[in-house]
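The values are calculated or read from the model by the stated rules, or taken from the named source; none is laboratory data. All of these numbers come straight from a predicted model, not from anything done at the bench. Because the Cβ atoms are built from the backbone with ideal geometry, glycine has one as well, and the counts that use them run over all protein chains shown.
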Amino acid sequence: MTAERKREAREKSLLGGLVVRAGLCRADRAFLLGGLIELASVAPGSTEHRRLREIGAEAFKGPTLDLSSSSIKETSE
């Protein structure tokens, strides 16, 4: 495996870990992608960006979220 492929694999693993950390492992993939597309439109440094970043920073300090009882649609894939 080349150094570039190792770097890409590590990056994907870390990003997948964020999905696990947020308790979204069983969420529908279209739901996740839609949410990420919406997040991409949040301007860096904006009030919303700072608010979401603070939520994320706090989440890293605690245990992995368990949202299994939430209304997030499970994937059938």
Working only within region 1-13, note down all residues that are surrounded by 10 or more Cβ atoms within 10 Å (Cβ to Cβ) and within 15 Å of the chain's Cα centre (by Cα). Glu11, Lys12
Inspect region 14-21 for any residue being outside any helix (DSSP H, G or I), surrounded by 10 or more Cβ atoms within 10 Å (Cβ to Cβ) and of a type in the set (Val, Ile, Thr) and give the result as yes or no. no
How many residues are of a type in the set (D, E, K, R), assigned to a helix (DSSP H, G or I) and touching a residue at least 24 places away in the same chain (Cβ under 8 Å) if we restrict to region 26-57? 1
If we keep only residues of region 30-39 that are small (Gly, Ala, Ser) and within 12 Å of the chain's Cα centre (by Cα), then the residue surrounded by the fewest Cβ atoms within 10 Å (Cβ to Cβ) is Gly34
Scope region 14-29; condition within 12 Å of the chain's Cα centre (by Cα) and farther than 19 Å from Ala57 by Cα; matching residues: Cys25, Ala27, Arg29
Would you mind telling me which numbered condition in (1) surrounded by 10 or more Cβ atoms within 10 Å (Cβ to Cβ); (2) modelled with pLDDT of 95 or more; (3) under 14 Å from the mean Cα position of the chain (by Cα) Arg51 fails? (3)
